[in-house]
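What follows draws every value from the coordinates through simple rules; no lab data is involved. Since we're looking at a predicted model, the values are computed, not measured. Here the Cβ positions follow ideal geometry from the backbone for every residue, glycine too, while neighbour counts run over all protein chains shown.
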Amino acid sequence: MTAALELRGVGKTYPAPAAVTALSDVDLSVEPGESVAIIGASGAGKSTLLSILGTLERPTAGTVSIAGTDTSRMSDPQLSAVRAWHIGFVFQQFFLLDHLTVLDNVASGLMYRGMPAATRRERATEALDRVGLGARLRHRPAQLSGGERQRVAIARAVVGRPAVVLADEPTGNLDTANGRQIVELLAALHDTTVVLITHNASVAAAMRRRIRLEDGRIAEDSGAPA
Ligand code: ADP
């Protein structure tokens, strides 16, 4: 089976004056539909790993393949297209646009698909129904609770049915009950590869596979190939 995400010998060193090695020699293969928690102490390299998996940052060593395609030689516009078609992102701080309705925030997830606006809104309405916010389409983000805002962000991430969803501490700003709802929504994305960063043990336990980073290296991987 072609891996959804594959890193080979990936390293990331930030240049001087910091000259920090954030990742070293990471080999990682994530299968389609797998759910993975990335855990580890602050500074271990989790965010750097997620950014590299999502092609937001380029590694300084090694290769990143998405659905079997090596991204190393892709131009920045090509990488933007890969992200727009294949990857949905969810962040701890939600990053919704306050001046747009909930519906348009989600429809904006389809901006680069070359779809008519009416189709984008139809898809966005369906995605919001799936996260239980079908009755909040015309609200603004400021009128929603934190848990509801993160559900909007999930709808935006999945509205284009990406193969991969990457989430950076998606429950970090939420209480336990709202956090659980978010994890349930992510866990219910059966055909989607989900990789999330978390500091929360019960969130990590809800993912099929757990990878612990330490000093930029994989220290433990519950799902490493035998
Ligand atoms: P984590 O997400 O596990 O807290 P990060 O991936 O954010 O870890 O950071 C790993 C290391 O890389 C840290 O030492 C951090 O200070 C460093 N780092 C991250 N981003 C940058 C950057 N843009 N420039 C310089 N150093 C960075």
Completion exercise
Of the residues ALA67, LEU56, PRO17, the Cα lying farthest along the dipole of the range 1-80 towards its positive end, which is defined by charges on the beta carbon of Lys, Arg, Asp and Glu, belongs to PRO17
Problem - Label-point separation, ALA177 to SER202 (7 Å along Cα→Cβ), nm - result: 1.2
Problem - Tail weight of P(r) past 25 Å, computed on alpha-carbon pairs of the chain, percent - result: 39
Handout entry: Scattering profile of the range 119-226 at q = 0.17, 0.19, 0.21 Å⁻¹ [log10 I(q)/I(0), Debye over alpha-carbon scatterers]
Key = -0.84, -1.00, -1.16
Handout entry: Residue of PRO141, PRO17, PRO77 that the Gaussian network model of the chain assigns the largest fluctuation, springs spanning Cα pairs under 10 Å
Key = PRO17
Practice task
Pull out the extension gain between THR2 and SER145, defined as 0.36 nm times the separation in residues minus the alpha carbon to alpha carbon distance; nm, one decimal.
Solution key: 47.5 nm
Practice task
Quick one: net charge around GLU34, please, counting Lys, Arg +1 and Asp, Glu -1 for every other residue with C-beta under 15 Å from its C-beta.
Solution key: -1
Exercise for the section: Express as a percent, rounded to the nearest 5, the fraction of DSSP beta bridges in the range 164-226 (both residues included) that run antiparallel. Expected result: 45
Completion exercise
Per GNM of the chain with C-alpha springs under 10 angstrom, the most fluctuating residue out of GLY40, GLY88, GLY134 is GLY134
Practice task
Measure out, as a whole number of angstrom, how far apart the alpha-carbon centroids of the range 179-195 and the range 88-142 sit.
Solution key: 18
Completion exercise
In this structure, the FRET efficiency calculated for GLU122 and ALA18 from their beta-carbon separation, with R0 = 45 Å, to the nearest 0.05, is 0.45
Completion exercise
If the chain between ALA81 and LEU97 were fully extended at 0.36 nm per residue, the gain over the current Cα-Cα distance would be 3.6 nm
Handout entry: Dipole magnitude (debye, nearest 20) for the range 15-167, charges at Cβ of Lys, Arg, Asp, Glu
Key = 620
Fill in the blank from the handout: Computed Rg/Rh for the range 53-167 (Cα atoms; Rh = Kirkwood radius) stands at 1.02
